[in-house]
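Trainee: I have a structure here, written as structure tokens, and I will follow up with some questions on it.
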Amino acid sequence: MTKIVFLDRETIGPEIELTKPSAEHEWVEHPSTRPEEVVERLSGATIAVTNKVPIRRDALEKLPDLKFITVAATGYDVIDIEACRERGIPVSNVRGYAENTVPDHAMALILALCRSLPGYRQDVIDGSWQKAGQFCFFNHPIFDLAGRKLGIIGEGVIGQGVARRAEAFGMKVMFAAHKGVAGMGPLYTPFDEVIETADVITLHAPLTPHTRGVIAMPEFRRMTKKPLIVNTSRGGLVDEADLVQALEEGLIAGFGFDVLTKEPPAPDNPLLKVLGRPNVIVTPHVAWASNEAQSEVWRQVVDSIEKFVAGEPVRRVV
């Protein structure tokens, strides 16, 4: 019988019903799995389901029964792709599920920061408005989106979704050309121009050796408009220590991040020092996690398993 093991069930919300494949199988799921537990938990498994639990070469060498890996996410850097290719193990991922939820979250961060919602909410909680004695209370800047320039790093489906939403608010959208690459055509604005002229910069690119640290102190020092920085894509695209330094030096107006280099953040993560500021929002990697998106993730996972078991073509990265 086909044994299927889901290594990190808690990466899908508890309110999402996990339907099972229709073919006969043994199903095993674990709330979470530490790297040192991978071999033991996948022992005898034909199919592995993982979201963020790494499956590396050393583990694969000890799992002769493993025939298929399906990743409950678009990013598959947790899998040793080359080792899977060498062993003939197909790897599948999910795609297109976040085309609404991530752009919605990115726009929510942009709106909240432009309207200084975190600061004003805290003012009411602290009683500052009540003490002011006026019907309104001006303690933080408020900016309209209309007419402001939005620089988008990453021109895929999600970046385009953010562009449509921003244009509906009257923003002027610029898709940044890839850093250090010229001649990408009229649809792109040179990377340096985006850095220097955007009022808001939002990142929607994959994390690769080319994009890691794509925004760091050299870029912050060229940001003449003191923009808001929003990242709902991948931790590591922005140098976090430099981000905090840029905030403290007044090089940027604030930032909203849903992704960090290490998740959850380590105690020494520099972003933790500024969480209380009114122009900072950090959310716990939930931009992707609308109920609709999570349900679509799982539908694609089950679909890939059923197709593999039936011997049909599977959408795969290996």
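The values are calculated or read from the model by the stated rules, or taken from the named source; none is laboratory data. All of these numbers come straight from a predicted model, not from anything done at the bench. Cβ atoms come from the backbone with ideal geometry, glycine included; neighbour counts cover every protein chain shown.
Trainee: Those residues that are loosely packed, with under 15 Cβ neighbours inside 10 Å and over 20 Å from Ile252 (Cα atoms), I need them from region 129-156; list them, please.
Mentor: Gln130, Lys131, Ala132, Gly133, Gln134, Phe135, Cys136, Phe138, Gly156
Trainee: Can you pull out every residue in region 204-247 that is β-branched (Val, Ile, Thr), more than 24 Å from Asp144 (Cα to Cα) and surrounded by fewer than 18 Cβ atoms within 10 Å (Cβ to Cβ)?
Mentor: Thr208
Trainee: May I pose another question? Considering only region 108-119, state which residues are surrounded by fewer than 22 Cβ atoms within 10 Å (Cβ to Cβ), among the aliphatic types (A, V, I, L, M) and either in contact (Cβ under 8 Å) with a residue 24 or more places away in the chain or assigned to a loop (DSSP other than H, G, I, E, B) (or both).
Mentor: Selection gives Leu111, Ala112.
Trainee: Pairs under 8 Å by beta carbon, first residue on the phi > 0 side of the Ramachandran plot in region 130-157, partner in a loop (DSSP other than H, G, I, E, B) and among the aliphatic types (A, V, I, L, M), six or more apart or different chains?
Mentor: Once the first residue is on the phi > 0 side of the Ramachandran plot and sits in region 130-157, its partners that are in a loop (DSSP other than H, G, I, E, B) and among the aliphatic types (A, V, I, L, M) give Gly147/Met171; Gly154/Ala205.
Trainee: Now a separate question. For region 198-217, name all the residues that are under 10 Å from Leu237 (Cα atoms) and polar (S, T, N, Q).
Mentor: Thr208, Thr211, listed by residue number.
Trainee: Okay, moving on. Which residues, counting only those in region 57-86, are under 25 Å from Ala205 (Cβ atoms) and part of a loop (DSSP other than H, G, I, E, B)?
Mentor: Matches in region 57-86: Ala72, Ala73, Thr74, Gly75, Tyr76, Asp77, Val78, Asp80.
Trainee: While we're looking at this one, here's another question. So for region 176-192 (the condition being at pLDDT 95 or above, within 24 Å of the chain's Cα centre (by Cα) and over 21 Å from Val238 (Cα atoms)), does at least one residue qualify?
Mentor: no
Trainee: Consider Arg315 carefully, then state whether it is modelled with pLDDT under 95, under 15 Å from the mean Cα position of the chain (by Cα) and not assigned by TED's automatic domain parsing to the domain that holds Ala72.
Mentor: No; evaluated as a whole, the condition is false for this residue.
Trainee: I'd like to check something: does region 194-203 contain any residue that is modelled with pLDDT under 95 and surrounded by fewer than 19 Cβ atoms within 10 Å (Cβ to Cβ)?
Mentor: Within region 194-203, not a single residue is modelled with pLDDT under 95 and surrounded by fewer than 19 Cβ atoms within 10 Å (Cβ to Cβ).
Trainee: If Glu82 satisfies every condition in (1) free of Cβ contacts under 8 Å to residues at least 40 places away in the same chain; (2) touching a Ser or Thr at 6+ places or on another chain (Cβ under 7 Å); (3) in the same structural domain as Ala45 (by TED's automatic domain parsing) but one, which is the exception?
Mentor: Of the numbered conditions (1) free of Cβ contacts under 8 Å to residues at least 40 places away in the same chain; (2) touching a Ser or Thr at 6+ places or on another chain (Cβ under 7 Å); (3) in the same structural domain as Ala45 (by TED's automatic domain parsing), the odd one out for Glu82 is (2).
Trainee: From the list Ala106, Ala48, Ala132, which one is assigned by TED's automatic domain parsing to the domain that holds Leu260 and under 25 Å from the mean Cα position of the chain (by Cα)?
Mentor: Just one listed residue meets the conditions, Ala106.
Trainee: Could you list, in sequence order, the residues of region 248-297 that are free of Cβ contacts under 8 Å to residues at least 24 places away in the same chain and either small (Gly, Ala, Ser) or buried (at least 19 other Cβ atoms within 10 Å of the Cβ) (or both)?
Mentor: Those that are free of Cβ contacts under 8 Å to residues at least 24 places away in the same chain and either small (Gly, Ala, Ser) or buried (at least 19 other Cβ atoms within 10 Å of the Cβ) (or both): Ala266, Gly276.
Trainee: Right, next: Report whether or not Glu17 is modelled with pLDDT under 95 and more than 18 Å from Phe308 (Cα to Cα).
Mentor: So Glu17 passes the test.
Trainee: Hey, Ser304 hits all of (1) in a loop (DSSP other than H, G, I, E, B); (2) assigned by TED's automatic domain parsing to the domain that holds Pro90 but one; which does it fall short on?
Mentor: Going through (1) in a loop (DSSP other than H, G, I, E, B); (2) assigned by TED's automatic domain parsing to the domain that holds Pro90 one by one, Ser304 breaks only (1).
Trainee: Is it true that Gln122 is of a type in the set (S, T, N, Q), under 23 Å from the mean Cα position of the chain (by Cα) and assigned to a helix (DSSP H, G or I)?
Mentor: no
Trainee: Restricting to region 179-204, name every residue that is without any contact (Cβ under 8 Å) to a residue 60 or more places away in the chain and in a loop (DSSP other than H, G, I, E, B).
Mentor: Selection gives Lys179, Gly180, Val181, Ala182, Gly183, Met184, Gly185, Pro186, Leu187, Pro190, Ala198, Asp199.
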